[in-house]
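Structure incoming, see below.
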Amino acid sequence: MQLSITKFEKPVYVFEPVLPDLNQLHEKLSEIWASKYVANMGPQHRLLNERITEFLKVSNTTLFSNGTLALMAASRALDLEGEVITTPFTFAATPHSLVWNNLTPVFCDINPVDLTINPARIEEMITPRTSAIMGVHVYGNPCDVVKIQEIADKYNLKVIYDAAHAFGTTIDGIGIGNFGDMTMFSFHATKLFNTIEGGALCYKDEQLMDKLNLIKNFGIKNEEEVVMAGFNAKLNEVQSAVGLLVLDMVEEEQKKRMKVFDIYKEVVDRLDGVEIVNTSDESVHSSYQYFAIRIDAERCGRTRDEVYHKFKNYNVFTRRYFYPLCSDFECYRDLPSSAVANLPVAKQASKEVLCLPFYGSLLENNGAESISHILRKVIVDG
Ligand code: T4K
C-alpha cells in the first residue's frame, strides 16, 4: 500500500483476521493429529479455557463454538422468561438469541455518547413480564454497568452483557466479564481475539458451569443420562489451538491498533461534523475492536452514506455498524418498542455511524495514513 489518495490495488475491508504463524499452527496440528482427539473438550480446549479466564481476569469461563450460541445458552442457563430489555443498536445475534429462547426483546434507546443502552430509559420499559436486561458493550465501550446493576437489583432482574466487541476491555483494571450475571465474548474471525468461529461465557456463579456444559453438549450428563434438551455448541480442538496461538498475539495487535487509532484521530479531530465514537470514562481501557466515527450531515456537508459510497471508489469497504437498527428488521419492526418515537437516539446514530478499516497491518505501507487522507478528501472535496 502506498501513501496516496489513489485507489488501493487490493480491496481493504473493515476487518482483517489476526492469524497465527503457519509453522506454529502446523506444530500444534501435529500434536492434535498424534493425539487422535479432535473434538469434545479435549486438552487444547481445556488449556484455552484456562488461558482465557486468566487473560480476561474473570472467575469462570465456558467456551462455545460461536458467540450467538453462547448468548442463547446464557438466557437458557439463567431460566429467563417473558421480556428482556435490550438495545436495537447491535448485531442481529443479540435479539435473535432471545427469540430462540421464546423471549420477547424490548428495545430501549441508547445514550448519545458511547451508543450503549441508556439506563435512564430502562425503568420505563420494565413490566411484570420483564426478567432481564441484555446490554451490549458497543465497539468495546462498556455500558453503564453500575447504574444497570442498581436497576436490576431494585427490580430483581438478571443482567447479561453481550461483549462480542469487548475482548480485553477493562474498567479500573477490572475485566469487563466481571459485571452482570453473565458476559458473552465472540471469537469470530473479525474480532480482536479469534478462534475463526468461537465464543465464551464468563460468570461469577460457579454453579452455572455444570448447566452450561449440559446446554452446549446435548444435555448429556453421562453415558446413560440426558437431562435436558441441550444443543451442540462445542469448540473443537483445532479451533482451540488456533485460539491459543492468537491469544499470544492480542497485546501486540492492540498496540498496533492504538497507533492506527492515533493516525485516524489526528485527521478526524480536524474535520467539522465528524467525531470518534468513544467512551468519555477515563477509567476504561478499550478493546480497540472498532474505529467508529459519527458524521453529522448538517455540520459536515456530507451524509454518512455519501462517505460510505465514496470510499468504495478507492477500494475501501467501510461498514455501517449498526444500520439498519435491529428494531427495523422485518422480524422486529412490529414490536411496540420498535416505534421510532421510542428510539430517537438510536435512529439518529444508525444514520451517522461509519466503521473504518481497523487492524494492525494497516501500519504497513502507510495504509492507515492513506485511509485517513481519503477520509479527509471525501469529506472536504466530496
Ligand atoms: N453480538 C454482537 C454485538 C456482534 O457484533 C456479534 C457478531 C455477535 C453478537 C455474534 O457473535 P458470533 O456468533 O459471530 O461469534 C461480522 C461478523 O461475522 C460478526 O461476527 C460480527 N458480530 C459482525 C459485527 O461482523 P458481517 O455480516 O458484517 O460479516 P462479513 O462477512 O460482511 O465480514 C465483514 C468484513 O470482514 C468483510 O467485509 C471482509 C472481512 N473479513 C471477514 C471474514 C469473515 C475478512 O477479511 N476475513 C474473514 O475471514 O458480520
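The values are calculated or read from the model by the stated rules, or taken from the named source; none is laboratory data. Remember, it's a predicted structure, so these values are computed and weren't measured experimentally. Note that each Cβ is placed from the backbone with ideal geometry, even for glycine, and that neighbours are counted across all protein chains shown.
What single numbered condition from (1) of a type outside the set (Lys, Arg); (2) away from the ligand (no atom under 16 Å from the Cβ); (3) in a loop (DSSP other than H, G, I, E, B) fails to hold for Glu50?
(3)
Taking Thr61 as the residue in question, decide whether it is within 16 Å of the ligand (Cβ to nearest atom), in contact with a strand residue (DSSP E or B) (Cβ under 7 Å, 6 or more places away or on another chain) and in the same structural domain as Gly230 (by the TED database).
So Thr61 fits the description; yes.
Would you mention how many residues in segment 21-43 are over 15 Å from Glu237 (Cβ atoms) and either assigned to a strand (DSSP E or B) or touching a helix residue (DSSP H, G or I) at 6+ places or on another chain (Cβ under 6 Å) (or both)?
Adding up the residues that qualify gives 1.
Out of all the residues in segment 140-155, is one or more within 16 Å of the chain's Cα centre (by Cα), aromatic (Phe, Trp, Tyr) and farther than 18 Å from Leu343 by Cβ?
no
Here's something else I'd like to know. Buried (at least 21 other Cβ atoms within 10 Å of the Cβ) and either among the aliphatic types (A, V, I, L, M) or assigned by the TED database to the domain that holds Glu206 (or both), is that true of Phe55? Lay out the reasoning, then the answer.
Numbers: buried (at least 21 other Cβ atoms within 10 Å of the Cβ): no; either among the aliphatic types (A, V, I, L, M) or assigned by the TED database to the domain that holds Glu206 (or both): yes.
Considered against the rule, which asks whether it is buried (at least 21 other Cβ atoms within 10 Å of the Cβ) and either among the aliphatic types (A, V, I, L, M) or assigned by the TED database to the domain that holds Glu206 (or both), Phe55 comes out as no.
In the set Lys147, Lys158, which member is out of contact with any strand residue (DSSP E or B) (no Cβ under 8 Å at 6 or more places or on another chain) and in contact (Cβ under 8 Å) with a residue 24 or more places away in the chain?
Lys147
Might you check whether a residue that is farther than 20 Å from Ala189 by Cα and out of contact with any Leu (no Cβ under 9 Å at 6 or more places or on another chain) occurs anywhere in segment 58-74?
Checked against the condition, which is being farther than 20 Å from Ala189 by Cα and out of contact with any Leu (no Cβ under 9 Å at 6 or more places or on another chain), segment 58-74 yields at least one hit.
For the subset of segment 184-211 comprising residues that are more than 16 Å from the ligand (Cβ to nearest atom) and hydrophobic (A, V, I, L, M, F, W, C), which member is surrounded by the most Cβ atoms within 10 Å (Cβ to Cβ)? Break it down stepwise before answering.
So the first thing to find is which residues in segment 184-211 are more than 16 Å from the ligand (Cβ to nearest atom), and the list is 203-211.
Now restrict to residues that are hydrophobic (A, V, I, L, M, F, W, C): 208-209.
Values: Leu208: 20, Met209: 15.
The selected residue is Leu208.
Being under 17 Å from Asp181 (Cα atoms) and either at pLDDT below 95 or surrounded by fewer than 20 Cβ atoms within 10 Å (Cβ to Cβ) (or both), is that true of even one residue in segment 212-228?
Yes, segment 212-228 has at least one match.
Continuing with the same structure: Taking helices (runs of 4 or more DSSP H) that fall entirely within segment 244-351, which contain at least 1 residues that are away from the ligand (no atom under 16 Å from the Cβ) and either touching a His at 6+ places or on another chain (Cβ under 7 Å) or among the polar types (S, T, N, Q) (or both)?
Where helices (runs of 4 or more DSSP H) fall fully within segment 244-351 and carry at least 1 residues being away from the ligand (no atom under 16 Å from the Cβ) and either touching a His at 6+ places or on another chain (Cβ under 7 Å) or among the polar types (S, T, N, Q) (or both), they are 250-268.
Anything in segment 243-267 that is more than 21 Å from Glu16 (Cα to Cα) and either touching a Leu at 6+ places or on another chain (Cβ under 6 Å) or surrounded by 18 or more Cβ atoms within 10 Å (Cβ to Cβ) (or both)? List them, or say none. So that I can check it myself, show each step before the final result.
To start, the set of residues in segment 243-267 that are more than 21 Å from Glu16 (Cα to Cα) comprises 266-267.
Once the filter is applied, which keeps residues that are more than 21 Å from Glu16 (Cα to Cα) and either touching a Leu at 6+ places or on another chain (Cβ under 6 Å) or surrounded by 18 or more Cβ atoms within 10 Å (Cβ to Cβ) (or both), segment 243-267 yields only Val267.
Another question, if that's okay. Considering only residues that are loosely packed, with under 15 Cβ neighbours inside 10 Å and of a type in the set (D, E, K, R), look in segment 3-47 and name the one that is farthest from the ligand (Cβ to nearest atom).
Applying the filter and picking the extreme gives Lys36.
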